[in-house]
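Structure, as structure tokens:
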Amino acid sequence: MKVLGIMGSPRIKSNTDLLLDEALKGAKNEGAEVEKIVVDKLKIAPCKEYLGCFKDGNCVIRDDMDEIYPKLLEADAVIIASPMFFYGLSAQAKALIDRCQALWARKYVLKQSLPNGGRKGAFIAVGATKGKRLFEGAILTVKYFFEAIGVEYADELLVRGVDARGEIKERPTALADAFELGKRMAQAKKA
Ligand SMILES: Cc1cc2nc3c(=O)[nH]c(=O)nc-3n(C[C@H](O)[C@H](O)[C@H](O)COP(=O)(O)O)c2cc1C
């Protein structure tokens, strides 16, 4: 059982990162093998819409996505975590997602079946404001991303009103909630 975490914030050990770490700890606690990708540390060009992937399902751009594609396909569960930036995912997370057009093309253009069916995905997000609709746009993006990589949107942890670096630690239940989410993700396959 492999759980892959995608960390979309540029701030290391801040709100998004701390929540994802707890989620991965929860998954590990259930016996899962866990891996975290810190997107900001990688070189991932935005999609250029060359559409090379429509021919064979592979992106024509050579960068760190080369190593991410197999990880996305091998994981039994995927957790993507991002701060809200202008009501959307961070540019770092969005660049990785957009490059998954190559996997979308395998499924919807080349009609290939993606390996490893029945996989689960979860979304962790934080934002500074408290609006009811804060996460709506990002949830749609993540649902479409998961669909493209053959993952079911199964769980979420959305935390409003968190802004300063590491402020999430002052939230009484957030870290424990993330731990529990991670446990559920690791259990998803067992069930
Ligand atoms: C460029 C930028 C855009 C932001 N846009 C929003 C936003 O639209 N809504 C919101 O609630 N918070 C917004 N924020 C605040 C962050 O979501 C907030 O600081 C969050 O806690 C950062 O998480 P991190 O510490 O994991 O990076 C924005 C912050 C930045 C830097």
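The values are calculated or read from the model by the stated rules, or taken from the named source; none is laboratory data. Just so you know, these numbers come straight off a predicted model, no measurement behind them. Cβ coordinates were reconstructed from backbone atoms using ideal geometry, including for glycine residues, and neighbour counts include every protein chain displayed. The area values use the complete protein model at the heavy-atom level, side chains included, leaving out ligands, DNA and RNA. Shrake-Rupley method; radii C 1.70, N 1.55, O 1.52, S 1.80 Å.
What the table shows:
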read-out: Among Ser113, Ser14, Ser82: highest mean-square fluctuation, GNM of the chain, C-alpha pairs under 10 Å; value: Ser113
read-out: Cα gyration tensor shape of the stretch 100-148, rounded if a/c is under 1.5, else prolate or oblate by comparing a/b with b/c; value: prolate
read-out: Acute angle (nearest 10 degrees) that the helix 15-29 long axis makes with the longest principal axis of the chain, alpha-carbon atoms; value: 80
read-out: Listed peptides 34-45, 55-66 by packing density, highest first (mean Cβ within 10 Å); value: 34-45, 55-66
read-out: Whole-Hz couplings from phi, Karplus 6.51/-1.76/1.60, listed for the stretch 70-84; x for Gly and Pro; value: x, 5, 5, 7, 7, 5, 7, 8, 10, 10, 10, 10, 8, x, 7
read-out: Highest average packing first - 21-30, 128-137, 2-11, Cβ atoms within 10 Å; value: 2-11, 21-30, 128-137
read-out: Semi-axis lengths, Å, the stretch 1-96, gyration tensor of Cα atoms, sqrt of 5 times eigenvalues; value: 25, 18, 10
read-out: Cα-only Debye scattering, the chain: base-10 log of I(q)/I(0) at q = 0.09, 0.11, 0.16, 0.17 Å⁻¹; value: -0.30, -0.45, -0.96, -1.08
read-out: Probe 1.4 Å, protein heavy atoms only - accessible area per residue of the chain in square angstrom; value: 49
read-out: Solvent-accessible area, 1.4 Å probe, carbon plus sulfur percent, for the stretch 55-164; value: 54
read-out: Over the stretch 67-191, relative contact order from alpha-carbon pairs under 8 Å, at least 6 apart, %; value: 29
read-out: Long-range HN-HN contacts of Ile6 with modeled amide H, under 5 Å; value: Ile37, Ile79, Ile80, Ala81
